[in-house]
Structure formats: C-alpha cells, structure tokens
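Derivation of every value follows stated rules applied to the coordinates shown; laboratory data play no part. Just so it is clear, the structure is predicted and the values come from calculations on it, not from any experiment. Don't worry about glycine lacking a Cβ; one is built from the backbone with ideal geometry, like all the others, and counts go over all protein chains shown.
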Amino acid sequence: MKSSRRSFLITSIGVATTVALSKQAFAADATKVSESDAMAVTLGYKNDATKVDKAKFAKYVAGENCHNCALFQGKATDAFAPCPMFGGKQVSGKGWCNGYNKKA
C-alpha cells in the first residue's frame, strides 16, 4: 500500500510540474498586439503611450498607460499582459488605446 501511495504522489508531482511549465510556455508565447492590427488601428493602440496621436485621440492624458488601466490583466510590473479589448492578446504595459479605463 505504501508503494501505491508513493507512486501516486510522484506521479501527481510530475503532472503538476508539467502543467505549470506548460502554462509558463503558453504565456511566453502568447500573441502580442501589433500596432498594425485592425483593432489596434481603430483604438489608436500604441506600444508606447507617449507616441499617441493627441490630435486624433484627444481623450489621451499624459501618464495614462496599460499598467494603470482596469482592463490590463497583469501585474503593474508586467511588461506585457492580456487585454480583453484585443481578444486576450498581450499589450505593452507602457502602451495605450482609446479603450483606456483608469483603475479604481
């Protein structure tokens, strides 16, 4: 009975490790939004918020970026994270788009 329990634990640890590594690999390979994507063009997305066309997107205010947007699905320190505005594709934390919504 002890060997069955030991085998189960070893197998469980192996499976958990494989799943964790797979998630990391998937996150690393996640598609990043390109400024030339149709939705990015429509929303005025820029990888660097300081390069937003202020004449075209008057809503933009200096200091706004994806890091402090409520839609940014990562930590404030993440360079890139998913955004629902772009179907879960990764946006730059330093980026901005017209869908910006300040975090509460």
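Summary of computed values
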{"quantity": "Point-to-point label distance, THR77-LYS51, nm (Cα→Cβ direction, 7 Å offset)", "calculated": "2.7"}
{"quantity": "Cα-projected label distance for SER34 with ALA62, points at 7 Å along beta-carbon direction, nm", "calculated": "3.3"}
{"quantity": "PHE80 long-range amide H proximity, modeled H, under 5 Å", "calculated": "GLY93"}
{"quantity": "Positive minus negative residues near PHE72 (Lys, Arg vs Asp, Glu; Cβ under 12 Å)", "calculated": "+2"}
{"quantity": "14 Å beta-carbon shell around GLY87, net charge (K/R +1, D/E -1)", "calculated": "+1"}
{"quantity": "Global geometry of region 31-104, whether rounded, prolate or oblate, following the gyration tensor of its Cα atoms and the 1.5 cut on a/c", "calculated": "oblate"}
